[in-house]
Amino acid sequence: MKYKKNFLKKVVFRIDFIKEMNEIDDEIIDPSKLEKITKNFPIFEPTNNIGTNITVNFQKSDVNKEEIKEKHYIFYKLDRKSKLIIRNKSIVYETNNYINFNDLKENIEFITNIFSFSEKSIVGRIGLRYINLFQNESINTIDWNKYINPELLTSINKDYGGGKISQGITSLDIKYDEYYLKKQYGIYNQFFPNDNLKDAFIIDLDIYKFEIESLNRVIQILEDWNFKLESIFEDSITGEMREVLNGTRNEL
């Protein structure tokens with residue numbers, strides 16, 4: 001986002017592969033790759049993830065459970081606000097310290113350049129997600145009509161006969177020619193299902209596509225997506241919110 005400040009709670013970039021990467025198996029990551037990664041993500045914490053695959057046979061009324069073990073390689077930056085998660089079929093970069101798009105792009109380019117993705121490691125899905133969480137730690141009640149596009153507040157401003165919204169998030173799935181977008185927005189309650197004690201509004205934008213011909217196009221795809229997400233974000237806020245983001249207006 002292009003403002004002096006932001007309310008980005010988390011930014012996530014993810015690549016999922018149809019087949020496993022050559023550099024990773026259940027026990028070890030290629031040492032040469034490990035050395036490169038730790039230059040930018042020096043804190044290394046390998047971990048085992050255990051899951052359960054459940055198969056139901058309705059004809060025989062059988063339920064089969066299979067334990068699945070998978071090695072995760074988690075790398076943190078020194079401040080632990082950004083991390084890289086590597087599995088044998090996916091790579092995830094996650095940060096709750098978004099600075100600007102150029103910084104995000106540099107980190108993703110650094111990651112994708114490390115791995116020699118072969119033809120066997122076909123990309124099944126690539127995605128970018130911006131989670132904006134608007135709140136003020138010092139104020140419990142906020143008039144969202146000042147800051148959020150009224151089109152996003154229709155259900156929130158509705159009279160519920162004396163009832164009060166505890167949590168209300170709208171989810172839209174939108175299909176474009178070359179990618180998909182999930183937009184979620186509304187009143188977020190961190191205490192749900194208990195009473196909402198502090199006003200917070202979420203704008204969660206998740207853009208993704210299935211199968212790309214080459215990972216060499218990742219950065220260009222990200223640039224196109226960032227432009228699209230900025231446009232959607234701008235349509236979701238008011239001039240008063242822009243003043244807050246530019247630092248020319250007091251906090252929410």
Can you work out which of the residues in segment 6-21 that are surrounded by fewer than 16 Cβ atoms within 10 Å (Cβ to Cβ) and of a type in the set (D, E, K, R) is modelled with the lowest pLDDT?
Glu20
Among (1) at pLDDT below 90; (2) farther than 24 Å from Ile212 by Cα; (3) among the hydroxyl-bearing types (Ser, Thr, Tyr); (4) surrounded by 10 or more Cβ atoms within 10 Å (Cβ to Cβ), there is one condition Ser90 misses while meeting the rest; what is its number?
(2)
Residue hits (segment 205-226; under 21 Å from Ile99 (Cβ atoms) and touching a residue at least 40 places away in the same chain (Cβ under 8 Å)) are Leu205, Asp206, Ile207, Val218, Ile219, Ile221, Leu222, Glu223, Trp225, Asn226
Regarding segment 196-206, can at least one residue be identified that is farther than 14 Å from Leu181 by Cα, in a loop (DSSP other than H, G, I, E, B) and touching a helix residue (DSSP H, G or I) at 6+ places or on another chain (Cβ under 7 Å)?
no
Where residues in segment 206-252 are among the β-branched types (Val, Ile, Thr) and within 24 Å of Asp173 (Cβ to Cβ), which of them is surrounded by the fewest Cβ atoms within 10 Å (Cβ to Cβ)?
Ile232
Looking across segment 166-191 at residues that are under 21 Å from Thr154 (Cβ atoms) and of a type in the set (A, V, I, L, M, F, W, C), the single one that is surrounded by the fewest Cβ atoms within 10 Å (Cβ to Cβ) is Leu172
Might you let me know whether segment 140-161 holds any residue that is assigned to a strand (DSSP E or B), in contact (Cβ under 8 Å) with a residue 24 or more places away in the chain, crowded, with 16+ Cβ neighbours inside 10 Å and among the hydrophobic types (A, V, I, L, M, F, W, C)?
yes
Considering only segment 170-199, state which residues are more than 19 Å from Ile148 (Cβ to Cβ), in contact (Cβ under 8 Å) with a residue 24 or more places away in the chain and in contact with a strand residue (DSSP E or B) (Cβ under 7 Å, 6 or more places away or on another chain).
Glu178, Tyr179, Tyr180
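The values are calculated or read from the model by the stated rules, or taken from the named source; none is laboratory data. These figures come from a predicted structure and were not determined experimentally. Heads up, the Cβs are rebuilt from the backbone with ideal geometry, glycines too, and the neighbour counts pull from every protein chain shown.
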